[in-house]
1. Filter region 572-590 down to residues that are over 11 Å from the mean Cα position of the chain (by Cα) and open to solvent by 10 Å² or more (accessible area, probe 1.4 Å), then give me how many there are.
2. Please work out which residue is modelled with the lowest pLDDT, limiting yourself to region 327-351 and to residues that are closer than 23 Å to Gly304 by Cβ and open to solvent by 30 Å² or more (accessible area, probe 1.4 Å).
3. Is it the case that Ala424 is under 18 Å from Thr318 (Cα atoms) and open to solvent by 50 Å² or more (accessible area, probe 1.4 Å)?
4. Can you name every one of the strands (runs of 3 or more DSSP E) wholly within region 425-529 that holds 3 or more residues which are closer than 30 Å to Gly399 by Cα, in contact (Cβ under 8 Å) with a residue 24 or more places away in the chain and more than 27 Å from the chain's Cα centre (by Cα)?
5. Would you say Ala617 is in contact (Cβ under 8 Å) with a residue 12 or more places away in the chain and more than 30 Å from His662 (Cβ to Cβ)?
6. Please determine whether any residue of region 622-632 is assigned to a helix (DSSP H, G or I), open to solvent by 10 Å² or more (accessible area, probe 1.4 Å) and either of a type in the set (Lys, Arg) or out of contact with any helix residue (DSSP H, G or I) (no Cβ under 9 Å at 6 or more places or on another chain) (or both).
7. Whether any residue in region 25-35 is at pLDDT 70 or above and of a type in the set (D, E, K, R) is what I want to check.
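The values are calculated or read from the model by the stated rules, or taken from the named source; none is laboratory data. Note that the coordinates shown come from a computational prediction; the quantities given were computed from them, not determined experimentally. All Cβ positions, even for glycine, are placed from backbone atoms using ideal geometry, and neighbour counts span all protein chains on display. Ligands, DNA and RNA are stripped out before the accessible areas are found, and what is left, the full protein with its side chains, is counted by its heavy atoms. Shrake-Rupley method; radii C 1.70, N 1.55, O 1.52, S 1.80 Å.
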Amino acid sequence: MDSRLLVSGISEFTAQKRLEEEGQNVLPHSGAKPVGRLILEVLTEPMVLLLSVCGILYSLIGEPGEALMLLVSLVLMVLITLVQSFRSESALGKLRELAAPRALVVRDGETKRIPGSQVVRGDLILLNEGDRIPADGMLTEGDALLVDESLLTGESAAVAKDQAHSKLFGGTVVVQGHGAMVVERTGQASELGRIGVSLMPVGMEGTTLQQEVRRLVRTVFVIAVFVSSVLAFVYGHQRHDLSGGLLLGLSLAMAILPNEIPAVLTIFFAMASARMSRFGVISRNPAAIENLGSVSVLCADKTGTLTLNQMSVDTIWTQSEEWRRPEQSQFSELPEAVHEVMEYAVLASRTDTVEPMELAVHSLANLTLKQTEHLHPEWISVREYPIRQRFMMSQAWKGLQSEKHVIGAKGAPEAVLPLCSLKAGELDAIQAKVRALADSGLRIIAVSKAHLPDSNLPEQQEQIVFEFVGLLGLKDPLRSEARKFVEECERLGVRVVMMTGDHPATALAIARELGLESGAHAIGGVELDQLSDADLKELLPKVRVFSRVKPEQKLRIVKSYQALGEQVAMTGDGVNDAPALKRANVGIAMGARGTDVAREAADLVLVRDDFGSILAAIKLGREMRENLRDAFRYILSIHLPVIGLSILPVLLNLPLILLPVHIAFLHIWVEPVSSVAFEGETKRGGNLGVRAAPLFDSRVLGETLFRGGRILAALLVVYVFAWYRGKGEWDTRGLTFTTLLFSNLGLLLLPVVRKSERKPVWIGIGLATLLSHFVMLKIPVARNLLKVNPLHPVDILVCVLFGVIFSMAPIRAIFKKA
């Protein structure tokens with residue numbers, strides 16, 4: 001892009017004033033749920049509906065106290081669910097802001113990147129390949145600009161926008177070239193706003209696990225209705241109490257339905273997303289958090305992820321001289337023999353670039369060539385030949401007094417050298433030097449030039465005969481912690497595979513620094529094209545490096561790993577990376593240098609483009625899966641004895657133990673414990689080094705049934721012993737229900753057994769449950785509502801022994817490995 005585009009733009013003061021007057025550049029979208037909708041969703045939950053029906057029936061059959069108790073339980077349950085929902089929506093709202101498209105604007109003569117929502121009318125926007133245009137406006141200048149307008153028109157073919165005053169529309173995507181535009185309409189005044197289209201940057205669409213759980217709950221709900229209906233009929237027929245049978249049926253349905261699980265999933269995903277954002281990872285898709293726990297292969301871009309993305313020119317080589325950057329001393333000059341290499345490297349680079357390699361070229365040129373004739377700020381850029389099928393690009397320039405076009409080209413040696421007129425001996429010498437520099441870990445760029453008459457330029461750069469000028473060796477240091485992060489991934493069972501556009505020798509040299517077992521060679525892009533799918537699958541377990549990889553080849557690599565049963569995470573930043581990012585189990589876009597298209601195709605976006613963020617996200621994903629497993633164990637373990645205590649007294653023609661008020665009491669505590677306490681647990685070592693097993697596998701179900709069965713057995717022993725020793729119905733109910741609460745305490749103490757770092761949280765929640773129960777036992781009105789009598793110290797000791805011991809004893813063995 002011509003440097004004349006970099007005009008001052010509007011002032012920051014004007015921008016802020018227009019933002020206040022005209023509002024943010026945002027479109028109507030479903031974003032955060034309205035409060036009314038949240039309340040409606042809570043009120044239509046099966047458990048809430050059952051409690052409401054129970055409360056109505058109790059008020060109708062003359063039990064106002066119990067009806068009031070159920071009403072209080074209902075209000076508490078709704079409030080708890082709303083608080084959790086607001087926490088989830090608040091976390092998602094912050095993520096929506098972070099994940100929104102960005103814009104490169106010029107204000108007060110300075111170029112800055114701002115959120116798309118802050119763009120105002122009159123802003124000067126610089127557009128580059130992969131950007132999503134933030135608002136409607138007019139093109140002021142463009143170079144080979146193609147825009148995908150399918151969001152508006154439905155047409156898949158990109159539209160050329162290379163004429164000044166062409167109209168550009170917000171929401172469309174630059175797929176080629178670059179340019180600048182002046183904003184004319186924003187927000188709802190734009191074309192997208194007028195037709196009501198929403199980009200929906202972040203949402204909480206159901207993950208596979210959430211969908212499976214919802215299906216499970218629906219199935220269990222049908223079973224609960226059937227079983228409770230049958231038992232209600234049996235009870236009413238046996239005891240000639242139809243109203244009692246109806247209440248029993250509702251109690252049993254409440255006991256069977258695992259209503260907490262869907263809520264727990266939603267909260268886990270939302271809070272995990274919020275936690276990841278704290279260390280610089282934005283989750284655009286909750287399914288990615290679920291998948292992070294089982295990632296087995298990480299396909300990582302080298303530049304910016306494993307390296308610092310701070311390139312500098314380390315070596316300049318010509319056929320007559322070689323220059324290397326001094327290690328310590330400062331310098332401001334280059335040997336005259338290498339000036340031409342830098343001159344044409346600058347001509348082959350964009351002037352308004354953000355690409356690290358081109359920034360390194362401009363930096364060295366400005367430092368060493370300002371007082372020479374080799375820089376040409378007054379020349380006009382006539383045409384750019386961007387990178388397409390070849391790993392090279394070139395630019396044609398016109399001097400003010402010149403009758404010729406001057407072309408500078410740079411790119412991969414294997415792409416540039418075939419277009420140069422070289423003798424066989426010269427080509428061999430150049431290629432030998434390329435290998436030597438690549439073996440030292442440098443990125444090698446070949447530079448060439450051409451002078452063409454003042455006539456129509458060729459359509460393709462391949463039609464130009466170039467003259468070789470020299471080589472540049474660029475250094476991008478590895479992150480100091482990169483090797484440690486790779487080793488940590490290996491410890492977690494995640495195989496790191498490096499993808500790079502570098503020369504194979506450069507890639508292997510860097511792989512050795514990282515400690516990757518790269519094998520005999522790296523698979524290059526050309527070799528990859530020649531391999532069949534079967535041959536590629538056979539090689540994949542042995543290969544750790546892919547060099548000279550084109551973006552479209554990444555999709556094939558991801559598919560091949562998945563065909564081998566691997567769970568693949570992949571990083572990317574370009575427009576053409578989008579298909580592979582979408583296909584990967586977890587697509588990870590670079591937030592700092594990534595295009596809007598890559599960010600929108602990815603599941604995760606890195607605010608800081610470094611490997612440590614990815615590693616932290618993988619650890620958090622595994623922690624979340626382990627915490628979900630523990631939460632599900634807890635929920636199912638406490639449900640089993642509740643279901644048993646609801647069914648068995650009916651079948652054995654014994655007094656009922658659990659009434660709706662008791663089940664409502666349990667639900668008030670079970671859901672918060674599952675969603676809050678388990679969600680924040682931190683795992684260290686142990687299970688994190690193992691790929692996550694399915695959440696609902698036979699081992700988990702077996703352990704849960706065994707644990708729940710033990711608790712149910714303890715409750716039945718207390719129940720039968722108390723009843724047949726002559727205890728009354730209220731005494732028996734009090735003993736059994738208190739034993740159940742002590743069993744719940746035993747389940748909550750399991751994290752303490754596993755040396756949790758959050759002992760006060762677990763003990764506090766467990767004791768709060770018991771304390772609330774004992775307070776209620778001291779209040780006559782509450783005792784009458786629960787239909788229990790006060791407990792004697794000996795009774796409490798029995799409850800402790802049977803409750804805590806029976807719930808914890810088998811778990812020590814179950815969690816021994818943890």
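1. First, pick out the residues of region 572-590 that are over 11 Å from the mean Cα position of the chain (by Cα): 572-584, 590.
In the following step, the residues that additionally are open to solvent by 10 Å² or more (accessible area, probe 1.4 Å) were identified as 573-576, 578-579, 582-583.
Adding up the residues that qualify gives 8.
2. Thr351
3. On the way: under 18 Å from Thr318 (Cα atoms): yes; open to solvent by 50 Å² or more (accessible area, probe 1.4 Å): yes.
It is true that Ala424 is under 18 Å from Thr318 (Cα atoms) and open to solvent by 50 Å² or more (accessible area, probe 1.4 Å).
4. Values: elements: 443-453, 467-475, 495-499.
Hits in region 425-529: 443-453, 467-475.
5. Details: in contact (Cβ under 8 Å) with a residue 12 or more places away in the chain: yes; more than 30 Å from His662 (Cβ to Cβ): yes.
It is true that Ala617 is in contact (Cβ under 8 Å) with a residue 12 or more places away in the chain and more than 30 Å from His662 (Cβ to Cβ).
6. The answer is yes, given that some residue of region 622-632 is assigned to a helix (DSSP H, G or I), open to solvent by 10 Å² or more (accessible area, probe 1.4 Å) and either of a type in the set (Lys, Arg) or out of contact with any helix residue (DSSP H, G or I) (no Cβ under 9 Å at 6 or more places or on another chain) (or both).
7. Narrowing region 25-35 to residues at pLDDT 70 or above: 25-26.
Okay, now just the ones that are also of a type in the set (D, E, K, R), so none.
There is no residue in region 25-35 that is at pLDDT 70 or above and of a type in the set (D, E, K, R).
Conditions tested, residue by residue: (1) in a strand (DSSP E or B); (2) modelled with pLDDT under 75.
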residue	(1), (2)
Leu79	no, no
Gln84	no, yes
Ile114	yes, no
Gly122	no, no
Ile125	yes, no
Gly137	yes, no
Leu146	yes, no
